[in-house]
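My questions all concern the structure below.
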Amino acid sequence: MSAPTTPEQGLARAWGWVAHLREGGTTPWRDWLVGGSDAATAARHLPGAQQLELLRRLNELAARERVRPGAALAERVLSASMAGRGRPDRLLAGADRPTGFGLPPVDPGDLPRGELLRVAATLLAEDVVAAGVEPVQQGLLRPWRVRHRLVGDLWLTAPAREHLLRKGRPPGGRDRIIVVVARDLPGMLADTWTAHSFDAGVPPWEEWVAGAHRRGRLYPRADPLRTARWWAERVGPAQVHVVLDAAALARVVGVRRLPTPPHVSADGVDLARRLVPVMGLLAVPERRAELLRRGLAPRLAAYAGPRLAVPDEHRDWVAEQARRQRDGLLADGYPVHGDPDVLLAEPRPGGRSPEMGAVFELALRMLLDGRRER
Amino acid sequence: MSKRVLLHVGTPKTGTSYLQDVLFRNRDRLAAQGVHYPLDRFDGHFLAALDLMRLPWGGLETHAIGEWDRLVARTRELLAAPSEGDVSVIISHEIFAAASRSQTGRALAQLGLDDPETEIHLLLSVRDLVRQIPAEWQENVKHRSTLSFAAFLEQISDPERDSRIGSWFWGVQEIPDILDRWGADLPPARVHLVTVPAPGSPKDLLWERFEEAFGLRGLDIEREGERANPSLGVPETALLRRINRSANRVVPPAAYRPLVRELLAHQTLSQRTGSPRLALPLELHGQVQETSRRWVEAIKERGYDVVGDLDDLIGEPPTTYVDPDRPAPRQVNAAAIDAIKALLVENGRLLAEQERLDAELARTREELHRAYLRPTYKLREKIVRRLEGHPAGRRVMRVYRRVRGRPQPPAMPEG
């Protein structure tokens, strides 16, 4: 069959393609030449090009995985409304009658991944809100508890803090010790960016690291030396404990063990970062952080992938900062739990920065897997 | 008996703040006459629009969660209520203009597009691009933007509309496209365009056009509104942009709104007269007029109900142009002096308020202190201290507090 030439034929071809996608089809729009569908009677207007292409990519992944996306997921994708500012739904080139106004119609195959990811992020954020998480309840107060306050690495301290609260060991109290939790500096940078990505939002990883390098200063939450000194001025150096070993942390706060945070890949963290602005439209800030960190992070941890690594051009600067941290902490004389040389540890091989293609693929996988959970 | 939803979706800078203020102030009076403007706070429909379109807006979006569905439910409830006469529900906010096709489809379906008993009327108030372009830039500056006018013009000239500014500007200003997104499923007779009169027209003309389009004519309402979105001149807008560049990092959004946008821009700088007005650069005028002519032709062909004159959309050619990126220093200085004066007056008012509150606090403390000195208080304090000293006593106190509905002592120290 030859390509349709009239607007009516173009529209019939488009509805035929929509029906094909609903049934799990993967043919790109530019190769779809079959027309004639009555589907137009069921809906007033064609879904946007972004939504259609996202469904096609989902179908491609589903075909590779030998699963069916299902009618419910297809409908969700086709009726999705993109959150945030940016270009609106695009018309389908060769289908919608060109009006001469608005953005010109587009071949969905030419859309950049970022536009498809905007639709996917909206749907994933809805999934996260729908799944919900239980609020953390404080356990019966233990009078013999070690009075403490956890500061430092945000990603490591968050689950520890919640666990202690559940066990009746909330932070604070008279004569509390200040526990500065730290690890190797590249890891601490990655943890800080990860924690921000699951909370209030943060620039992309490489931009964020470059920002610190340009200013010549570590971000406060990735700077244990500055944190320790700040607290030492307020409570005295003897009250400040620097913990560089996850096992030692449990001992210092007087419990047998503490949970560790989920291991989320570089691409997983970047996906979470892209969900934050959408989550801000669906949940209040306090709830948003809980949903992302305790709801989304364990789900993301189920998908393996390379961890975050500091880009090569910043490694020397980070190594220099790590030496400054170790020397400063030792010189100040705080009780240090763990080997201070941990701070100087070389980054493990195999890490990298997030990659757009992999982030998009992960979003597709999560949408596909999430269809069973809804 | 008719049941109508009057959906006013834009565009910005067309007198919408004044219209919404009159509707808000008269909402009880209007409701008694069968015309409902359902909202509890002035910006209720703005929040509903943010929610429908899932738009971030400097933190306000957290107040918007669920607002669109609530507005729809309230509208359906008002339309379904038994009534002896006609019932109309007005929904109005200019940022609805930016809604995408999927969002407009959802909104219209929820409001009763398929309900044969409900008539949905779309209203769009429109003004010529010649005035809208500088007005939109100024609106950006009043929302913390530091973008120069030249950069703004460059971004809106990008045919791909790849920037945030470009996609938003055309989203809320390209009239035929807005009507394609919102009006495609409605009969042309239920799509009403209100044109903003050309400069120099009688002051009441725009309001009369709104009255006609909304069917408010002959209703008993007070027309005086307080809220407006007044315009600034060239030096005032240039000053505001410089303030943004310097203060954005240190002034949080919650303080920016009352101090910069309200106090400085609306209450102070917009009151200055005699400054050169913002305008389109003369060399762009022909091109912009050409675009407007194309729009007017398309609108005429579609057969909408037009209140006013579509030819007003072509825009008058400006006679002078003062570049807001290179304002006269003396004029900016004069505007800055007025701004400093306004801030000093406001600070004076706040200092007086602080003194009043300090005095009130001192009086309260004194009264509290006297209450502590009473023998009965001392006796009660002694009993409580004794009870809190052992577990059984603490249990008694807990029961007592629960019975009296008083808060338990804090158990959660700092986090």
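Any read-out appearing in this document is the output of simple, stated calculations on the displayed coordinates, not a laboratory observation. Note that this is a predicted model, so its numbers are computed, not measured. All Cβ positions, even for glycine, are placed from backbone atoms using ideal geometry, and neighbour counts span all protein chains on display.
Which net charge results for the neighbourhood of A:HIS337, defined as the other residues with beta-carbon distances under 9 angstrom from its beta-carbon, given Lys and Arg at +1 and Asp and Glu at -1?
Counting the neighbours of A:HIS337, the net charge comes to 0.
Semi-axes of segment B:317-360's equivalent ellipsoid from the Cα gyration tensor, sqrt of 5 times each eigenvalue, largest first, rounded to whole Å?
Semi-axes, largest first: 39, 10, 6 Å.
Ok, one more. With the cut-off at 1.5 for a/c, could you classify segment B:216-279 from its C-alpha gyration tensor as rounded, prolate or oblate?
The shape class here is oblate.
Now for a different question. Give the separation of the Cα centroids, segment B:257-317 to segment B:189-226, in Å.
Cα centroid to Cα centroid, the span is 17 Å.
Something else: Exposed loop sites here are trypsin sites (Lys or Arg not before Pro) in DSSP loop states with at most 12 other C-beta atoms within 10 Å. What is the longest stretch of chain B lacking them?
My reading of the result: B:250-415 is the longest stretch.
Quick check: net charge around A:ARG217, other residues with Cβ under 12 Å of its Cβ, Lys/Arg +1 and Asp/Glu -1?
+3
Translational D (Stokes-Einstein, µm²/s) of segment B:258-415 at 10 °C and 1.306 mPa s when Rh comes from the Kirkwood sum over C-alpha pairs?
So the translational diffusion coefficient is about 65 µm²/s.
A further question on this structure: Say a paramagnetic label sat at a point 7 Å from the Cα of B:GLU297, along Cα to Cβ; which residues of segment B:163-183 have their backbone N under 15 Å from it?
Answer for segment B:163-183: B:176.
Taking chain A as the reference, fit the longest principal axis to its C-alpha atoms, fit the long axis of helix A:49-65 to the helix C-alpha atoms, and give the angle between the two in degrees, 0 to 90, nearest 10.
Roughly 70 degrees, rounded to the nearest 10.
Arrange the following residues from fewest to most other Cβ atoms within 10 Å of their Cβ: B:MET1, A:MET366.
Lowest to highest Cβ neighbour count: B:MET1, A:MET366.
Counting only GluC sites (Glu not before Pro) that are in a DSSP loop and have at most 16 other C-beta atoms within 10 Å, tell me the longest site-free stretch of chain A.
In chain A, the maximal stretch lacking such sites is A:24-354.
Further question: Top mean-square fluctuation among A:LEU300, A:LEU281, A:LEU225, Gaussian network model of chain A, C-alpha springs under 10 Å?
Between A:LEU300, A:LEU281, A:LEU225, it is A:LEU281 that shows the largest mean-square fluctuation.
If I take every Cα pair under 8 Å that is 6 or more residues apart in chain B, average their sequence separation and divide by the length, what percent do I get for the relative contact order?
Rounded, it is 20 percent for chain B.
Additional query: Return, for the Cα atoms of the protein assembly as shown, the radius of gyration and Dmax in Å, separated by a comma.
30.9, 101
Still on this structure, I have one more. If I take R0 = 35 Å and measure r between the Cβ atoms of A:LEU141 and B:ASN347 in this structure, what FRET efficiency does the formula 1/(1 + (r/R0)^6) give, to the nearest 0.05?
Working from the Cβ atoms, E equals 0.15.
Now, a different point. For every other residue with a beta carbon closer than 10 angstrom to the beta carbon of B:GLY171, add +1 if it is Lys or Arg and -1 if Asp or Glu, then tell me the sum.
+2
Still on this structure: Test of understanding: express the Cα radius of gyration of segment A:224-318 as a ratio to 2.2 N^0.38 Å, with N the residue count.
Here the Cα radius of gyration is 1.42 times the empirical estimate.
Distance in nm between label sites at B:ARG242 and B:ASP158, each 7 Å beyond Cα in the beta-carbon direction?
About 2.9 nm, to one decimal.
A follow-up question, please. Please give the direction-averaged projected area of the C-alpha convex hull for chain B, in square nanometres with one decimal.
Computed as one quarter of the Cα hull surface, the answer is 28.6 nm².
Something else now. Can you pull out the chymotrypsin sites (Phe, Trp or Tyr not before Pro) in segment A:124-209 that DSSP calls coil and that have at most 15 other Cβ atoms within 10 Å?
Those that pass, being in a loop and sparsely packed, are A:TRP144.
Let me ask something else. Once you wrap a convex hull around the alpha carbon atoms of segment A:132-186, what is its projected area averaged over all directions, in nm²?
It is 4.8 nm².
Could you state the number of Å between the C-alpha centres of segment A:327-354 and segment B:82-102?
Computed from Cα coordinates, the inter-centre distance equals 60 Å.
Considering segment A:69-173, what Rg and Dmax in Å follow from its alpha-carbon atoms?
Computed over the Cα atoms of segment A:69-173, radius of gyration and Dmax are 23.9, 74 Å.
Fewest to most neighbouring Cβ within 10 Å: what's the order for B:ASP177, A:ASP332?
A:ASP332, B:ASP177
Tell me the angle of helix A:266-282 to the major Cα principal axis of chain A, expressed in degrees between 0 and 90 and rounded to the nearest ten.
Helix A:266-282 sits roughly 80 degrees off the main axis of chain A.
Return the distance in nm (one decimal) between the two label points of a simple spin-label model at B:ARG326 and A:ALA238, each offset 7 Å from Cα along Cα→Cβ.
Result: 6.9 nm between the two label points.
Jot down the per residue volume, in cubic angstrom and as a whole number, of the convex hull over the alpha-carbon atoms of segment A:311-374.
Cα convex hull per residue, to the nearest whole number: 157 Å³.
Something else now. Relative to the present Cα-Cα distance, how much length would full extension add between B:ASP185 and B:HIS369 at 0.36 nm per residue of separation?
Net length gain for the segment: 59.2 nm.
While we're here: With each run of n ≥ 4 DSSP H residues scored as -39500 (n - 2.57), what mean residue ellipticity at 222 nm is computed for the protein assembly as shown after dividing by its residue count and rounding to the nearest 500 deg cm²/dmol?
-16000 deg cm²/dmol, from helical runs alone.
Take the Cβ-Cβ distance between A:ASP107 and B:GLN33 as r, set R0 to 51 Å, and report the resulting FRET efficiency rounded to the nearest 0.05.
So, using R0 = 51 Å, E works out to roughly 0.45.
By DSSP, what percent of the beta bridges with both residues in chain B are antiparallel, rounded to the nearest 5?
Around 5 percent antiparallel, to the nearest 5.
With the cut-off at 28 Å, tell me which of the pairs B:LYS142/B:LYS341; A:LYS167/B:LYS378; B:LYS3/B:LYS142 have Cα atoms farther apart than that.
Beyond 28 Å: A:LYS167/B:LYS378; B:LYS3/B:LYS142.
Answer rounded, prolate or oblate for segment B:15-121, using the Cα gyration tensor with square roots of eigenvalues a ≥ b ≥ c: rounded when a/c is under 1.5, else prolate when a/b is larger than b/c, else oblate.
oblate
Another question, if that's okay. Which GluC sites (Glu not before Pro) from segment B:189-241 combine a DSSP loop assignment with at most 15 other Cβ atoms within 10 Å?
B:GLU222, B:GLU224, B:GLU226
Oh, and also: Would you mind calculating the gained length between A:ARG214 and A:LEU33 on full extension (0.36 nm times residue separation, minus the Cα-Cα distance), in nm to one decimal?
Taking A:ARG214 through A:LEU33 to full extension adds about 59.8 nm, to one decimal.
Helix A:312-332 sits at what angle to the longest principal axis of chain A, using alpha carbons and giving 0 to 90 degrees rounded to 10?
The angle comes out near 30 degrees.
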